[in-house]
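Read through the structure below, which is laid out as structure tokens, and then see the notes.
The values are calculated or read from the model by the stated rules, or taken from the named source; none is laboratory data. Remember, it's a predicted structure, so these values are computed and weren't measured experimentally. All Cβ positions, glycine included, derive from the backbone under ideal geometry; neighbour counts span all protein chains shown. Areas reflect the complete protein model, heavy atoms only, side chains present, ligands, DNA and RNA absent. Shrake-Rupley method; radii C 1.70, N 1.55, O 1.52, S 1.80 Å.
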Amino acid sequence: MKNPKSRILVTGSSGQIGTELVAALRKRYGQRNVIACDIKRSGADAELFALADATDRRALERIIRKHRIGTIYHLVSILSAAGEENPNLAWKVNIESLRNVLELAVRYKMEKVFWPSSIAAFGPHTPRTNTRQLTVMDPNTMYGITKVTGELLCNYTFTKFGLDVRCLRYPGIISWKTPPGGGTTDYAVAIFHGALRDGRYECFVSADTVLPMMYMPDAIRATLEFMAAPRSRLRTHLGYNLSAMTFSAGELAKEVKRHLPNFVCTFKPDERQRIADSWPRSIDDRGSRKDWGWRPRFTLRATAAEMLKNLRLAYRGAKEAAEDK
Ligand code: SER
């Protein structure tokens, strides 16, 4: 990428997706062409990192001008469970920052914007099995409300100003590089930490709770492929449904137990059960498959094996580092 106008900004770069997307984008487009931005400093090269709050439009504009940004991956978000603790903050962070990004992207004639939507955009009246792309959307969490609103804002900005803004509705994402925090699907990450650290885990949804999930390498590849797809192929600038696997919390616990026979999982649903119960159990992503060629690779079996392998190494590394001190 020689043209400096096409540098990429990733907001929310220290979060679950941001941490891995920044690395993948740098690998693909060159280290110096990707600027990471968050309210928490990450270990990244200081020159390629901007400390800023995306709800602060002036700060965001300064970064865009300084680094000649042409594409933004705007990942800043307060997730579902955290959003129920502080709904006003969830609205402010999720929507004000998105409006800033969209308005600045139009003003600076940017090439593309990516914004993550979610299965949380669906609600209790959405058909829960093989949920279609165009269907009832009546979320009952503030996070879900910001996701539907955000999709509409993105589509509006595309229709009115021609900005190429693209959204994916991610399922729950399973990954090991960042600790889980603030999401309803977090149990599908926390269970691996609990199993390796303590040999047990108390799951906050019931064993028969089924939600759509995806392993992070699939989520990253989906994002890169989707953003690289020719604009003429895309038939919606609302969110595209995206799917990989679907399983119950009980099936997940069984899969972990297959690797760690002494593992004990108990189930004690809390307020997050209500959120999980309002989301689809499985997703129809035929639109993504047809329009931009989406194919998932990771099954539950492969995901569990990879999670345990990678987390074991990470825990071993952390222990050795602590002993060296
Ligand atoms: N993983 C998110 C959450 O649980 C859903 O997008 O909040």
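On the stretch given as the range 164-175, residues that are among the basic types (Lys, Arg) and either surrounded by fewer than 20 Cβ atoms within 10 Å (Cβ to Cβ) or more than 30 Å from Tyr108 (Cα to Cα) (or both) total 0. If you check Val148, Val106, Val136, which single one turns out to be more than 16 Å from the ligand (Cβ to nearest atom) and in contact with a helix residue (DSSP H, G or I) (Cβ under 9 Å, 6 or more places away or on another chain)? Every option except Val106 fails the conditions.
Anything in the range 271-306 that is within 16 Å of the ligand (Cβ to nearest atom) and either aromatic (Phe, Trp, Tyr) or part of a helix (DSSP H, G or I) (or both)? List them, or say none. Outline the logic, then answer.
Going residue by residue through the range 271-306, those that are within 16 Å of the ligand (Cβ to nearest atom) are 271-283, 285, 303.
Hits for the range 271-306 are Arg272, Gln273, Arg274, Ile275, Ala276, Asp277, Trp279, Thr303.
Taking each residue of the range 176-200 that is within 19 Å of Ala82 (Cβ to Cβ) and open to solvent by 50 Å² or more (accessible area, probe 1.4 Å) and looking for partners that are more than 9 Å from the ligand (Cβ to nearest atom) and not basic (Lys, Arg) with beta-carbon atoms closer than 6 Å, six or more apart or interchain, yields Pro180/Val189; Pro180/Ala190. Among the residues of the range 116-137, is there at least one that is in a helix (DSSP H, G or I) and touching a Leu at 6+ places or on another chain (Cβ under 7 Å)? So far as the range 116-137 goes, no, none of its residues is in a helix (DSSP H, G or I) and touching a Leu at 6+ places or on another chain (Cβ under 7 Å).
Quickly run through the range 15-61 and pick out the residues that are more than 24 Å from Ala219 (Cα to Cα), part of a loop (DSSP other than H, G, I, E, B) and not aliphatic (A, V, I, L, M). So that I can check it myself, show each step before the final result.
Start the filter on the range 15-61 by keeping residues that are more than 24 Å from Ala219 (Cα to Cα), which leaves 45-47, 50-53, 55-61.
Restricting the remaining residues to those that are part of a loop (DSSP other than H, G, I, E, B) gives 45, 52-53, 55-56.
Of everything in the range 15-61, those that are more than 24 Å from Ala219 (Cα to Cα), part of a loop (DSSP other than H, G, I, E, B) and not aliphatic (A, V, I, L, M) turn out to be Asp45, Asp53, Thr55, Asp56.
Restricting Ala52, Ala24, Ala59 to residues that are open to solvent by 10 Å² or more (accessible area, probe 1.4 Å) and touching a Cys at 6+ places or on another chain (Cβ under 6 Å) narrows the list to Ala52. The residues of the range 283-302 that are among the aromatic types (Phe, Trp, Tyr) and open to solvent by 20 Å² or more (accessible area, probe 1.4 Å), listed by number, are Trp292, Phe298. Filtering the range 203-233 to residues that are open to solvent by less than 20 Å² (accessible area, probe 1.4 Å) and farther than 16 Å from Asp186 by Cα leaves Asp218, Ile220, Ala222, Thr223, Leu224, Phe226, Met227, Ala229. Residues of the range 308-325 that are free of Cβ contacts under 8 Å to residues at least 12 places away in the same chain and either touching a Leu at 6+ places or on another chain (Cβ under 9 Å) or in a helix (DSSP H, G or I) (or both): Lys309, Leu313, Arg316, Gly317, Ala318, Lys319, Glu320, Ala321, Ala322, Glu323, Asp324.
Going through the range 109-124 one residue at a time, which ones are under 18 Å from Ala222 (Cβ atoms) and within 16 Å of the ligand (Cβ to nearest atom)? Spell out how you get there, then give the answer.
Taking the range 109-124 and keeping what is under 18 Å from Ala222 (Cβ atoms), we get 112-121.
Listed by number, the residues that qualify are Phe114, Trp115, Pro116, Ser117, Ser118, Ile119, Ala120, Ala121.
Working only within the range 234-282, note down all residues that are polar (S, T, N, Q) and exposed (fewer than 14 other Cβ atoms within 10 Å of the Cβ). Within the range 234-282, Asn262, Thr266 meet the criteria.
Yes/no per residue for (1) more than 29 Å from Ala120 (Cα to Cα); (2) surrounded by 16 or more Cβ atoms within 10 Å (Cβ to Cβ):
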| residue | (1), (2) |
| --- | --- |
| Gly15 | no, yes |
| Arg28 | yes, no |
| Asn33 | yes, yes |
| Ala36 | no, yes |
| Lys66 | yes, no |
| Ile78 | no, yes |
| Lys92 | no, no |
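Scan (1) of a type outside the set (Gly, Ala, Ser); (2) crowded, with 16+ Cβ neighbours inside 10 Å; (3) touching a strand residue (DSSP E or B) at 6+ places or on another chain (Cβ under 6 Å) for the single condition Leu308 breaks and write down its number. It fails just one condition, (3).
Name the residues in the range 80-90 that are open to solvent by 30 Å² or more (accessible area, probe 1.4 Å) and in a helix (DSSP H, G or I), would you? Quick ask: steps written out before the conclusion?
Restricting attention to the range 80-90, the residues satisfying the condition of being open to solvent by 30 Å² or more (accessible area, probe 1.4 Å) are 82, 84-89.
Once the filter is applied, which keeps residues that are open to solvent by 30 Å² or more (accessible area, probe 1.4 Å) and in a helix (DSSP H, G or I), the range 80-90 yields Ala82, Glu84, Glu85, Pro87, Asn88, Leu89.
Of all residues assigned to the range 263-270, none qualifies as being under 22 Å from Met216 (Cα atoms) and either assigned to a helix (DSSP H, G or I) or in contact (Cβ under 8 Å) with a residue 60 or more places away in the chain (or both).
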